[in-house]
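The values are calculated or read from the model by the stated rules, or taken from the named source; none is laboratory data. Values in this document were obtained by computation on a predicted structure and should not be read as measured data. When we count neighbours, we look across all protein chains shown, and the Cβ atoms used for this are built from the backbone with ideal geometry, even at glycine. To get the accessible areas, we keep the full protein, side chains included, count just its heavy atoms, and leave off ligands, DNA and RNA. Shrake-Rupley method; radii C 1.70, N 1.55, O 1.52, S 1.80 Å.
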Amino acid sequence: MKVKAFSFLEIMVAIVISGVVMSTAYSVYIFVNKQYIKLNTIKADVRDYFEFSSTISRDFELAKKVVKTNDYMISMEQTDKTINYQFEHEYVLRNINFQTDTFFFSATDILINTIAEFKEEQVVDFVKMKVKDNDFSFYKNYGAIAKIEE
């Protein structure tokens, strides 16, 4: 009686072909996974960048007064709270009461301009900085307040 089966050579060829297919599939998986991780990192950076931009713009707009604390720190006085921004080489800190937000990118070429009319404190009318090769400018118009407090 003759049993139908594969020869040893046919089995070895099938093993080699399946090994090539599996190694190719694994290589493609590793490549796609690395690209996915890169994309998520870029997406997180872009999200943080726009979150910082919108947050500081909103804070600047809602502040009654912006005061320069030192060359790398400003304080925004709002009706119910005070927000402090500290610009470091590796990150930007935003402090409200006991909550601290950290934006992990550096703000360089910081220019904090003050108004000469306010004698007691250094009141800021605009801040310029460079974040990730983009220039940010934030302006605060005090209008008649500056004239009244003279």
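Of note:
- Simple label model, 7 Å out from Cα along Cβ direction - S7 to A25, nm: 2.8 nm
- Under 17 Å of direct C-alpha separation, and excluding same-chain neighbours fewer than eight residues apart, K38 reaches these aspartates and glutamates: D48.
- Site pair D45 and S137 shows an inter-label distance of 2.6 nm when each label is modelled 7 Å from Cα along Cα→Cβ.
- With an a/c value of 1.5 or above and a/b not larger than b/c for the gyration tensor axes a ≥ b ≥ c computed over the alpha-carbon atoms, the range 65-143 is described as oblate.
- Accessible surface for V3 stands near 120 Å², nearest 10, in the context of the full protein assembly shown (1.4 Å probe).
- For peptides 48-59, 98-109, 31-42, sequence by mean Cβ density within 10 Å, most packed first: 48-59, 98-109, 31-42
- Rounded to whole Å, sorted largest first: equivalent-ellipsoid semi-axes of the chain, Cα gyration tensor: 63, 13, 11
- Nearest-0.05 FRET efficiency for K130 and Q99, computed from C-beta distance (R0 25 Å): 0.40
- Computed over the range 1-144: relative contact order in percent, which uses C-alpha pairs under 8 Å that are six or more apart: 14 percent
- With 22 Å as the limit, the listed pairs K43/K64; K68/K130; K43/K140; K34/K130; K65/K128 have K43/K64; K43/K140; K34/K130 beyond it between alpha carbons.
- Helix 8-62 vs. the chain, principal-axis angle (Cα, 0 to 90°, nearest 10): 10 degrees
- Extension reserve of the Y72-E88 stretch, reckoned as 0.36 nm per residue once the Cα distance is removed: 5.0 nm
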